[in-house]
């Protein structure tokens, strides 16, 4: 029984461990792209655009409509044969089948079809833009988790150092080497360090919550895999912001979307001008009818005989030539030309916004690198200062107050270095994103 219980506990533990998935950065991005509501909405927009293509394609086909009507008559009527008024009750029915097809309408069907195809491309680019935004957001929240983990690790190390200092201080207090007040100061510092550990644990929990919510996953047991950000290189990824900008022009969906808007404006111009041209339509149809007088049973033909005898056909072509429509077409063409100018200006505006964004990102990377280098130098100096202060304090040549100041500066330097490292890493990821070279692992 005891062995079975141990086996059951081990099985439950293994199942619980297996259920706690550790997400890689690529898995996190892929999951967010699948679950995000905005992305799902834009995928529906793509489907709607595809249906617009199908509708526009259908305009090239002929239509076919059937119609039927029935009418009962009671009372006095004019007889069609004798032209005399008679009193009778009758029933009349008609059956018609008609079709028509557009032969030419100023190429409007063709341009509408091509414009609908552009609509699909535009919707796909809108979707890509949102996917890019979500991907960057996931990268940022992922790095925030790693940042929180490193901060927590540093806080735990400091807390452990404080614990060992209390043990050493206890021994010195019992030996009469230090006063009780100095021992209490060590205990106070240790309590502060323990509180810092708790704060960093809360910060890590919040960072995990943010990314779990972004991925729409349960936060319980959620964790991310460590990635080797290493020591950020002192060499910038790119020589200038201009090189990144030139690459982004071929990569960023908002630029391609603005270019498509110009093409769409061209089709609107063609559609407007098409209204100046005539419309040629071919049509054809067939119809028959049935008539019955209730008080002249012997003169009524059978139903199907009448349908066959009354069957008739028609076929023809109609031409509609626009002559004057109150300058409506002319003004619509003028509107379309203005809208194209608006689209051209919007493209230039998008390029300017992108250029300014990349210039700011490039400047952020340079600033982030300088901040990281300064934080690294500061941390190295603070480590040496702390090592020296520890030795001086142990020999009694430094007061506890001065020692705590040195130690506090070391903790601040470590935190600043971690923060600057992840800040610089994320900013370099942003530049890689704009150049189309961001690789997620």
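The values are calculated or read from the model by the stated rules, or taken from the named source; none is laboratory data. Nothing here was measured: the structure is a model prediction, and the numbers come from that model. No Cβ is skipped: glycine too gets one built from the backbone with ideal geometry, and neighbour counts run over all protein chains shown.
What to note about this one:
- Subset of the range 81-93 (residues that are modelled with pLDDT of 75 or more, surrounded by fewer than 15 Cβ atoms within 10 Å (Cβ to Cβ) and in a strand (DSSP E or B)): 91, 92
- Here residue 208 meets each of (1) more than 49 Å from the chain's Cα centre (by Cα); (2) part of a helix (DSSP H, G or I); (3) buried (at least 16 other Cβ atoms within 10 Å of the Cβ) with one exception, condition (1).
- Test: residue in the range 164-183 that is touching a helix residue (DSSP H, G or I) at 6+ places or on another chain (Cβ under 7 Å) and closer than 30 Å to residue 431 by Cα: no
- Residue in the range 103-112 that is out of contact with any helix residue (DSSP H, G or I) (no Cβ under 8 Å at 6 or more places or on another chain), outside any helix (DSSP H, G or I) and surrounded by fewer than 16 Cβ atoms within 10 Å (Cβ to Cβ) present: yes
- Lone qualifier among 136, 152, 127, 143 - being over 22 Å from the mean Cα position of the chain (by Cα) and either farther than 21 Å from residue 50 by Cβ or in contact (Cβ under 8 Å) with a residue 12 or more places away in the chain (or both): 152
- Meets criteria (in a helix (DSSP H, G or I), surrounded by fewer than 17 Cβ atoms within 10 Å (Cβ to Cβ) and touching a helix residue (DSSP H, G or I) at 6+ places or on another chain (Cβ under 8 Å)) for residue 359: yes
- Residue under evaluation residue 159, criteria (1) touching a helix residue (DSSP H, G or I) at 6+ places or on another chain (Cβ under 8 Å); (2) not in a helix (DSSP H, G or I), criterion not met: (2)
- Cβ-Cβ distances below 8 Å connect the following pairs, each with a first residue in the range 321-336 that is at negative phi and touching a residue at least 60 places away in the same chain (Cβ under 8 Å), a second residue that is surrounded by 10 or more Cβ atoms within 10 Å (Cβ to Cβ) and in a loop (DSSP other than H, G, I, E, B), and a separation of six or more residues or different chains: 332/275.
- Failed criterion for residue 96 (all others in (1) modelled with pLDDT of 90 or more; (2) in contact with a strand residue (DSSP E or B) (Cβ under 8 Å, 6 or more places away or on another chain); (3) surrounded by fewer than 12 Cβ atoms within 10 Å (Cβ to Cβ) hold): (3)
- Applying a threshold of 6 Å to beta carbon distances and a minimum spacing of six or more residues, or different chains, the list of pairs starting in the range 158-178 at a residue that is over 17 Å from residue 410 (Cβ atoms) and ending at one that is part of a loop (DSSP other than H, G, I, E, B) reads 172/178.
- Test: residue in the range 379-399 that is over 25 Å from the mean Cα position of the chain (by Cα), under 30 Å from residue 239 (Cα atoms) and at pLDDT 90 or above: yes
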